[in-house]
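Participant: Let me give you the structure first, and then I'll get to my questions.
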Amino acid sequence: MLDLTEADQLRKAIGKKKPEEMVKIKKLFLQKSEASGILSTTESEELFGWIEKSQRYSFNKSHAVSYAYNAYLSAYAKAHFPVEFFASYLKFAKDKIDPLKEIQELISNANEMGLTIRLPSILKPEKEFFIHKDDNSIWFGLTNIKGLGDSVYDKLYELLKQYDLYHKSFIYTYANILRHINSTACKGLISCGAINNQNISRTKMLFYYEILNNLTNRETDALIKLDDDKSKIEDLLQSLLESNLIKLTAKRKQTIISLINTLKSPPYSLEDSPEWLANNEKFYLGASITCHKIDGCDIYSANVECKDLSHGTKTKTPILGAEISDINVIRTKRGVNPGQEMAFIKVTDSTGSADLVVFPEEYTQYKDLLIDGNTLLLKLDRSKDKDTFIIKKCWQV
């Protein structure tokens, strides 16, 4: 058998995952093994095969014990203190390779466990994820919004300490808060629902924001003096034209008249569609909270949700409406026709996520629909061992 020096060479080849070194040491191992007379050639080949497989993923005992211990502590915390567990993991998701994907997976899992996740809010200006003690819910912090960093947060926090935004108009919020921070941060705050003290749609708030950006600081200050928290912005602008608060040139008057006309006849719908809300929340926060993209689709024929699948639904023919969030296409190694494409697919809805399988025949038929981000109605079947759901048919919705 191998002496200590040769055994150490084998250890290094395994530890550093160097296949070329394994090839060299294998010849030596088989020669020494045959010379010893202890093992047959077949047994030596089998034994080295076990060693070779360990090269893929192996580590020392202390490493294994540490992993096992941490896994136990994590599982215990998740089972007995789920709110604290998810709040902590969400807080440190920013350190992951893909933070937004990490947040999406965590929130999907939290939804499956029945936890409440809430949007960020300028009325609760915490910096990062936090637990609200009143209802034990997890809230996004303001810096968890894409494009809103520490420096913007610090400035925003100081402004929010000076002004009470409860039951205030959008013009008040704009004049005292939004016009003092950068446009990217403002659009992020509005689009993800962080300015939730207004009884108007987010699309309308963005529209108002763009309109008000056309005013000078003096004109905005004058509007605040005219504001009674009830007037429409177009009415305030009309009052500004008729008042003597500031002197307006003919050119500025024409600009304001043009803004009033735009406000009265917006160039697009100012309503929030479920798809728009979901896409914006996913872009700025990493996950859709208010609703899901699939909620805006016609899925009335669906009879199960993702959480039903994870709980082992008894529905005989499950039909699921969901969005594809990840797809992994592989080629079969066995079967009648090896080398065919099949896929493992993760889908999501407002209740969580589910892992599905689509075999070669169905994948070939529906591959044009089975793409990341697509919303589908899926007819499912159980696998023979009853632990996997298989896609049999799908329709675009």
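The values are calculated or read from the model by the stated rules, or taken from the named source; none is laboratory data. Owing to the predicted nature of the structure, the values given are computational and were not obtained by experimental measurement. Because the Cβ atoms are built from the backbone with ideal geometry, glycine has one as well, and the counts that use them run over all protein chains shown. Please note that ligands, DNA and RNA were not included when accessible areas were found on the heavy atoms of the full protein model with its side chains. Shrake-Rupley method; radii C 1.70, N 1.55, O 1.52, S 1.80 Å.
Participant: Take the range 253-397, drop everything but the C-alpha atoms, weight them equally and run the Debye formula without solvent; then report log10 I(q)/I(0) at 0.13, 0.14, 0.20, 0.21 Å⁻¹ to two decimals.
Facilitator: -0.63, -0.71, -1.20, -1.28
Participant: Give a residue-ordered list of calculated ³J(HN,Hα) values for the range 345-356 (Karplus: 6.51 cos²θ - 1.76 cosθ + 1.60, θ = phi - 60°; whole Hz; x for Gly, Pro).
Facilitator: 10, 9, 10, 9, 9, 5, 9, x, 9, 8, 9, 10
Participant: Can you give me the accessible area per residue for the chain, using a 1.4 Å probe, in Å²?
Facilitator: 57
Participant: Ranked from highest to lowest mean number of other Cβ atoms within 10 Å per residue, what is the order of the peptides 233-240, 291-298?
Facilitator: 291-298, 233-240
Participant: Can I ask one more? Tell me, what are the semi-axes, in whole angstrom and largest first, of the equivalent ellipsoid of the range 143-226 as set by the roots of 5 times the Cα gyration tensor eigenvalues?
Facilitator: After scaling each eigenvalue by five and taking roots: 19, 15, 13 Å.
Participant: Another question, then. In cubic angstrom, how much convex hull volume per residue do the alpha carbon atoms of the range 316-355 span? Display every interim value, and only then the final one.
Facilitator: On the way: hull volume 3.9 nm³, N = 40.
For the range 316-355, the hull spanned by Cα atoms encloses 97 Å³ per residue.
Participant: Test of understanding: in a Gaussian network model of the chain with alpha carbons linked when under 10 Å, which of Lys155, Lys101, Lys32 would top the mean-square fluctuation ranking?
Facilitator: Among Lys155, Lys101, Lys32, the largest GNM mean-square fluctuation belongs to Lys32.
Participant: Find the relative contact order for the chain and round it to a whole percent, using C-alpha pairs within less than 8 Å whose residues are 6+ positions apart.
Facilitator: RCO, the chain: 10 percent.
Participant: Right, another one. For the range 110-181, which GluC sites (Glu not before Pro) are both in a DSSP coil and crowded by at most 13 other Cβ atoms within 10 Å?
Facilitator: For GluC sites (Glu not before Pro) across the range 110-181 that sit outside H, G, I, E and B with at most 13 neighbouring Cβ atoms in 10 Å, the list is empty.
Participant: Taking amide H positions as placed in the peptide plane 1.01 Å from N, state which residues far from Cys192 in sequence (5 or more) or on other chains have amide H under 5 Å from it.
Facilitator: none
Participant: What is the spread of the Cα atoms of the range 69-163 along each of their three principal axes, largest first, in whole Å?
Facilitator: Each principal axis gives a Cα extent; for the range 69-163 these are 46, 33, 22 Å.
Participant: How much of the pair distance distribution for the range 1-102 lies past 19 Å, counting alpha-carbon pairs only, in percent? Please report the intermediate quantities before stating the final value.
Facilitator: On the way: 3183 of 5151 pairs.
Cα-Cα pairs of the range 1-102 separated by over 19 Å account for 62 percent.
Participant: Taking all pairs of distinct Cα atoms, average 1/r, flip it, and tell me the Kirkwood hydrodynamic radius of the range 353-397 in Å to one decimal place. List each step's numbers first, then the result.
Facilitator: Details: mean 1/r = 0.0910 Å⁻¹.
Kirkwood hydrodynamic radius for the range 353-397: 11.0 Å.
Participant: Once amide H atoms are placed 1.01 Å from N in the peptide plane, what residues at a sequence separation of 5 or more from Val304, or on another chain, have their amide H within under 5 Å of its amide H?
Facilitator: Amide H neighbours of Val304: Ile319, Gly321.
Participant: Can I ask one more? Could you work out which residue, out of Ile211, Ile330, Ile145, moves most in a Gaussian network model of the chain, that is, has the largest mean-square fluctuation with Cα springs under 10 Å?
Facilitator: Ile330
Participant: Taking H placed 1.01 Å from N in the peptide plane, check which residues at least 5 places from Cys394 or on another chain put their amide H under 5 Å from its amide H.
Facilitator: Lys379
Participant: Let me ask something else about it. From zero outward in steps of 20 Å, how is the percent of C-alpha pairs of the chain spread across the bins?
Facilitator: It works out to 20, 38, 28, 10, 3, 0, in whole percents.
Participant: Same structure again: Please compute the contact order of the range 93-251 in relative form: average sequence separation of alpha-carbon pairs under 8 Å and at least six residues apart, divided by the residue count, as a percent.
Facilitator: Once normalised by length, the contact order is 18 percent.
Participant: How big is the accessible area of Val329 in square angstrom, nearest 10, if you roll a 1.4 angstrom probe over the protein chains?
Facilitator: Ignoring ligands and nucleic acids, Val329 comes out at about 60 Å².
Participant: If you don't mind, there's one more thing I want to ask. Distances over 12 Å make up what percent of all Cα-Cα pairs in the range 280-332? Can you show the working numbers first?
Facilitator: Values: 1016 of 1378 pairs.
Roughly 74 percent, once rounded to a whole number.
Participant: A follow-up question, please. Can you give the log10 of the normalised intensity I(q)/I(0) at q = 0.27 Å⁻¹, computed with Debye over equal Cα scatterers of the range 319-397?
Facilitator: -1.44
Participant: As a test of the formula, what do you get for the chain when each DSSP H run with n ≥ 4 contributes -39,500 (n - 2.57) and the sum is divided by the residue count, at 222 nm and rounded to the nearest 500 deg cm²/dmol?
Facilitator: -14500 deg cm²/dmol
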